[in-house]
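Engineer: Let me give you the structure first, and then I'll get to my questions.
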Amino acid sequence: MNATVAASSGPAPAWQYLSALRGADWPAIGSPAANLALAMQFQFLQSERLSAERLRELQFTQLSLLTAHAFAAVPFYRQRWQDVYDPAAKLGAAQFAALPLLTRRDLQDQFEALKSAAPPPSHGVPQASRTSGSTGSPVTILKTQVCGVMWNAFALRDHVWNKRNLAGKLAGIRQGVTPGNFDGWGSATDDIVATGPSAVRGIEEDAASQIDWLLKEEPDYLITHPSMAAELARLTIARGIRMPRLQEVRTYGELLDAETRELCRQAWNVRVTDAYSSTEVGYIALQCPGQSHYHVQAEGVVVEILDDAGRLCTPGETGRVVVTDLHNFAMPLIRYDVGDYAEVGQPCACGRGLPVLQRIIGRVRNMLVTADGRRFWPALGSRAIAEAAPVRQYQVVQKTFDLVEVRLVVAAPLTLEQEDRVRKLILSRLPVPLKLNLVYCERIDRSAGGKFEDFISEVANSRL
C-alpha cells in the first residue's frame, strides 16, 4: 500500500513572473530563457498525464535519435554495439534491451572513447561535470546546455508539484557550496519567477551550530541530506526549539526513511519531500506530491529496474537501477548502471502516467551480503539506538561475511549493560546471525559528497 504524505493544502501560491521588457510588467513578457522554461512546464503538464504506453512511445522516438547518434559518433558504442545494433532498423524494446550495460568503470576507463565526435552545435558547448566520488570512484561526464535546461526544468516542476511559496526564504545545508546569503533560489527560478532570498552553508558543521544558524536565518524551506535533517530534528526535539516559519524540508543525496519523515513531523510539523538524482544523468525521479513513492522523470530519462538475470522487474520487485539520459549528445549515457537498487511501484492514483518507483533502496555498498550470495538492506533505526545508550552517531561496517564492526560516537562512556543493549539491538535488526565488534570513534566523517551512510559493506564493494 502506498503511504500518503501530507501535501500543500489549498491552491498554489500566486507566483510573480518576471518581465524582460520595461513597461510590460503584467502579463510578464519573459526573456527567451524564461519563456523556454515555462514552455517546458506547459509540455510537462500534458505529458505527465499521458498513458504509460504513450509515454513509452515518445521515449523510444527520442531513444532512436540518441542511439543512432551514439553509434555514428561515439567510438565506444560503435565498437561495443557492432553485433547487437542495426542502425537501419527501427529501435524497439528487444533491440534496446540487448544493448550492453554501461558501468561506472567504463566511465572511468573509457572517457575519451565515450566522447561524441560530433555533438550537435545547437545543444551548446560541452562542459565537464564531475561526481563527488562519494562511492570512492569519481567520474567525469561531458554535458551540453540542453542537459542544463532539462535539470532546471525538472527542478521547476518540483516547485510546481509541491505548490511552494517562492516568495519565502530557502536555507540550504549542502556539500561543496559557497556559504552566504543570496537574492534568489538558484538557476531553476532565476529570471523567471521572483523569489525570496536564500542562505547556504556547508554540511560539515555539527548539528548544534547548524541549528543556531537556522534560528538566525528563520527559513520557510530547508534543503539538505536526510541524515542532516534527522540530526537537526532530534536536536530540535531535545532542546525544545520551535521554528514556526518552516513549511517543508526537502531532501536529496541519501536514502530517506520513514523515521526521518516522522522526526521532521515531530520536530517542526512539516512534510518532507525527496528527490532522486545523480550527477551523471540529472533528475531521475521526484517524490509524488501526495505519496511517499517517486515518479520517474520520463521526459528526461528512461529507467529500467533489472533483476539479476537482466529482466525488467514488475511492481513489488527490487532490482538494479539502469538509466538512459535522453538528451546528452556530448557523452551519451545509455543503459548506465548507476549502482543503486530500487523497488518498482504500481501505477499512481494521482493520475500521472509517469512510471513509479515505490522506494529507493540504496547502493550496492549499502547492502549486507551473505556467503551464499543473498543480499539485504538493513534498517537499523538511529532513534532506537540512541534510546538504548548515549550514542550520538553510529555506523555499521560489514568486514567479512560473518563479522560487522559497529563504530560509535558517544556522549559518555558506555557501561557494560549499555554496550550489551546496543549489541543486541543491532544484531536483532540484521537479517542473519553475525559476530559484532564495537569500535569507539571521536567522529564519523561524511563521504566526499557530504553523504552519511549508516551501513557499509566492504564485502559488497569487493564484489563489484
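Engineer: Does the stretch 47-73 hold any residues that are among the aliphatic types (A, V, I, L, M) and under 19 Å from Pro100 (Cα atoms), and which are they?
Structural biologist: Our first condition is that a residue be among the aliphatic types (A, V, I, L, M); within the stretch 47-73, this holds for 50, 52, 55, 58, 63, 65-66, 68, 70, 72-73.
Result: Leu63, Leu65, Leu66, Ala68, Ala70, Ala72, Ala73.
Engineer: Just to verify a result, which residue in the stretch 170-185, among those that are modelled with pLDDT of 95 or more and surrounded by fewer than 20 Cβ atoms within 10 Å (Cβ to Cβ), is nearest to Leu45 (Cα to Cα)?
Structural biologist: Gly184
Engineer: Report, by residue number, each residue of the stretch 352-363 that is modelled with pLDDT of 95 or more and farther than 14 Å from Ile284 by Cα.
Structural biologist: Answer for the stretch 352-363, where residues must be modelled with pLDDT of 95 or more and farther than 14 Å from Ile284 by Cα: Arg352, Gly353.
Engineer: Now for a different question. Within the stretch 105-127, identify whether any single residue is part of a helix (DSSP H, G or I), touching a Gly at 6+ places or on another chain (Cβ under 9 Å) and more than 24 Å from Ser457 (Cα to Cα), and answer yes or no.
Structural biologist: There is no residue in the stretch 105-127 that is part of a helix (DSSP H, G or I), touching a Gly at 6+ places or on another chain (Cβ under 9 Å) and more than 24 Å from Ser457 (Cα to Cα).
Engineer: In this structure, does Gly172 turn out to be in the same structural domain as Val270 (by TED's automatic domain parsing), more than 24 Å from Gly300 (Cα to Cα) and not hydrophobic (A, V, I, L, M, F, W, C)?
Structural biologist: Considered against the rule, which asks whether it is in the same structural domain as Val270 (by TED's automatic domain parsing), more than 24 Å from Gly300 (Cα to Cα) and not hydrophobic (A, V, I, L, M, F, W, C), Gly172 comes out as yes.
Engineer: Go through Ala167, Ala171, Ala155 for me and flag whichever is closer than 23 Å to Ala229 by Cα and in a loop (DSSP other than H, G, I, E, B).
Structural biologist: Among Ala167, Ala171, Ala155, only Ala167 is closer than 23 Å to Ala229 by Cα and in a loop (DSSP other than H, G, I, E, B).
Engineer: Something else about it: Identify all residues within the stretch 162-203 that are more than 23 Å from the chain's Cα centre (by Cα) and not small (Gly, Ala, Ser); write none if there are none.
Structural biologist: Asn181, Phe182, Asp183, Asp191, Ile192, Val193, Thr195, Pro197
To keep it simple, each residue is scored yes or no on (1) in contact (Cβ under 8 Å) with a residue 40 or more places away in the chain; (2) out of contact with any Ser or Thr (no Cβ under 9 Å at 6 or more places or on another chain); (3) surrounded by fewer than 16 Cβ atoms within 10 Å (Cβ to Cβ); (4) among the charged types (D, E, K, R).
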position: Ile223; (1), (2), (3), (4): yes, no, no, no
position: Ser227; (1), (2), (3), (4): yes, no, no, no
position: Gly240; (1), (2), (3), (4): no, yes, yes, no
position: Pro244; (1), (2), (3), (4): no, yes, yes, no
position: Glu262; (1), (2), (3), (4): no, yes, yes, yes
position: Arg271; (1), (2), (3), (4): yes, no, no, yes
position: Gln287; (1), (2), (3), (4): yes, no, no, no
position: His295; (1), (2), (3), (4): yes, yes, no, no
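Engineer: Right, another one. For Cys350, all conditions in the list (1) in contact with a helix residue (DSSP H, G or I) (Cβ under 8 Å, 6 or more places away or on another chain); (2) surrounded by fewer than 20 Cβ atoms within 10 Å (Cβ to Cβ) hold save one; what is the number of the exception?
Structural biologist: That leaves (1) as the condition not met.
The values are calculated or read from the model by the stated rules, or taken from the named source; none is laboratory data. Everything quoted here is computed from the prediction, not taken from an experiment. Note: ideal-geometry Cβ built from the backbone for every residue, glycine included; neighbour counts use all protein chains shown.
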